[in-house]
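Since every read-out is calculated from the coordinates, none of them should be taken as a lab result. It should be emphasised that the depicted structure is a prediction, and the values quoted were computed from it without experimental measurement. Neighbour counts run over all protein chains shown; Cβ positions are idealised from the backbone, glycine included.
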Amino acid sequence: MLKNKVYFAGPLFNEAERAFNQNLTSKIENIGFTVFLPQRDGAELNKPPFDGMTQTERNNAIFNLDIKQILNCDIFLFVLDGRVPDEGACFELGIAYSNKKHIIGLHTDMRASFIDSKLNAMIEGSFDKIFTSKQEIIDYLINLNKS
């Protein structure tokens, strides 16, 4: 059974993060997957109807749209880079885990948050696989749909 809908979770709050996310998304889409990238496809965009909303209305729209997309995805991809994983994406991870989504991570950051471990055990334990390079993710996704 093909699993081709990917929800892309992770930090998206500066130019470097957004460029990284877009680059990886393009690579994933080029191998035949559909990706929901919140910075591109979500309520974060400054376009109608979101541009006319109050901050509270927009926050509610972001929350509801992202939850809907997580529930509709086949694969939940979490970019774990940063001093600690993005807190919003951690919440999304809990939704994905509780709904038995296939969960993969990308962690290229050399920093560690815990002694002898890069991640909190409650975060790390949620993943089916964690990769350390974009190419590993692409190879995995290609092979996932072959099986």
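For Asn99 and Asn46, the difference between the fully extended length at 0.36 nm per residue and the C-alpha to C-alpha distance is 16.1 nm.
Pairs from the table (Lys68/Lys129; Lys5/Lys100; Lys27/Lys118; Lys47/Lys101; Lys47/Lys134; Lys5/Lys118) lying more than 20 angstrom apart at Cα are Lys68/Lys129; Lys27/Lys118; Lys47/Lys101; Lys47/Lys134; Lys5/Lys118. Only bridges with both residues in region 3-135 count here: give the DSSP antiparallel percent, nearest 5. Once the DSSP bridges in region 3-135 are tallied, antiparallel ones form about 5 percent.
Taking a ≥ b ≥ c as the square roots of the Cα gyration tensor eigenvalues, region 64-147 comes out oblate, since a/c reaches at least 1.5 and a/b does not exceed b/c. As a size descriptor, the averaged projected area of the C-alpha convex hull of region 1-90 was calculated at 6.4 nm². Screening the chain for whole DSSP H helices with an alpha carbon extent of at least 15 angstrom along the helix axis and a mean Kyte-Doolittle hydropathy of at least 0.0 yields 87-98. Dipole magnitude for region 1-89: computed about the Cα centre from +1 point charges on Lys and Arg Cβ and -1 point charges on Asp and Glu Cβ, it is near 240 debye. Consider a paramagnetic label point 7 Å from the Cα of Met53 along Cα→Cβ; state which residues of region 19-37 have an amide N under 16 Å from it. Hits in region 19-37 for Met53 at 16 Å: 37. For region 23-112, the relative contact order works out to 23 percent when only alpha carbon pairs closer than 8 Å and six or more residues apart are counted.
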